[in-house]
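To start, the structure itself, in structure tokens.
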Amino acid sequence: MTSPTDLRRAADEIFERTSPYEGMGLRNHCLRIHRFAGMLLRRGRLALDDGLVYLAAMVHDLGLLSDRDPGANYLERTRALFRRETRELGIDPAAAAVVEECLLFNHRLRRPAGVSPEAECFRRAVWTEHSRGIVRHGLPRAEVRRVFAELPRDNFDVVLLDFTRRVVGREPLTLVRGIFF
């Protein structure tokens with residue numbers, strides 16, 4: 001299997017090639033999710049290679065930006081992007097399946113039936129991030145605040161506005177199908 005360092009390097013390269021945004025907003029968003037997911041995994045005594053968690057965090061929104069990857073919505077395009085970009089990395093198929101769950105279900109308000117505990121931690125990390133730490137899923141308030149302080153939002157509100165424009169203009173039903181169902 002590919003080392004965590006190689007996975008991080010691949011994740012950073014994929015992110016740099018795909019993200020059109022200046023500033024640190026989207027990058028810090030992804031880094032915060034990585035940190036929150038790691039904290040939740042440790043809290044739940046779950047094991048998922050940190051390089052894979054980092055990779056999932058760094059690519060989890062890139063399907064919004066990809067015109068090259070197939071899929072009915074940005075979640076499916078993100079999974080397709082992950083598959084395309086990691087085909088040669090030698091990721092264990094069972095671990096890749098967990099990452100794919102993270103990518104497909106990370107914006108769901110509620111835990112989908114049958115999702116792995118690791119993907120559930122990732123989903124919870126996303127909601128800790130999007131709630132700006134109001135929803136912490138048992139994580140200590142001080143630790144969550146520290147992550148936000150160390151990785152500021154920068155221009156992330158501009159990125160979110162662009163994401164919203166893309167989803168509403170291109171696939172508005174994803175707001176329902178990707179988040180609620």
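Annotations
- The set of residues in the stretch 26-52 being of a type in the set (A, V, I, L, M, F, W, C) and over 12 Å from the mean Cα position of the chain (by Cα) consists of 39, 40, 41, 46, 47, 48.
- Among the candidates 64, 81, 55, residue that is under 15 Å from the mean Cα position of the chain (by Cα) and either farther than 26 Å from residue 23 by Cβ or at pLDDT below 95 (or both): 64
- Meets criteria (under 16 Å from residue 60 (Cβ atoms), touching a residue at least 60 places away in the same chain (Cβ under 8 Å) and within 12 Å of the chain's Cα centre (by Cα)) for residue 100: no
- Condition broken by residue 134, with the remaining ones in (1) surrounded by fewer than 19 Cβ atoms within 10 Å (Cβ to Cβ); (2) touching a residue at least 40 places away in the same chain (Cβ under 8 Å) satisfied: (2)
- Just one residue in the set 52, 48 is part of a loop (DSSP other than H, G, I, E, B), in contact with a Leu (Cβ under 8 Å, 6 or more places away or on another chain) and touching a residue at least 40 places away in the same chain (Cβ under 8 Å); that residue is 48.
- Single unsatisfied condition, residue 2 versus (1) of a type in the set (Val, Ile, Thr); (2) in contact (Cβ under 8 Å) with a residue 40 or more places away in the chain; (3) under 26 Å from residue 152 (Cβ atoms): (3)
The values are calculated or read from the model by the stated rules, or taken from the named source; none is laboratory data. None of the values given here were measured: they were computed from a predicted structure. Every residue, glycine as well, gets a Cβ built from its backbone with ideal geometry; the counts of neighbours run over all protein chains shown.
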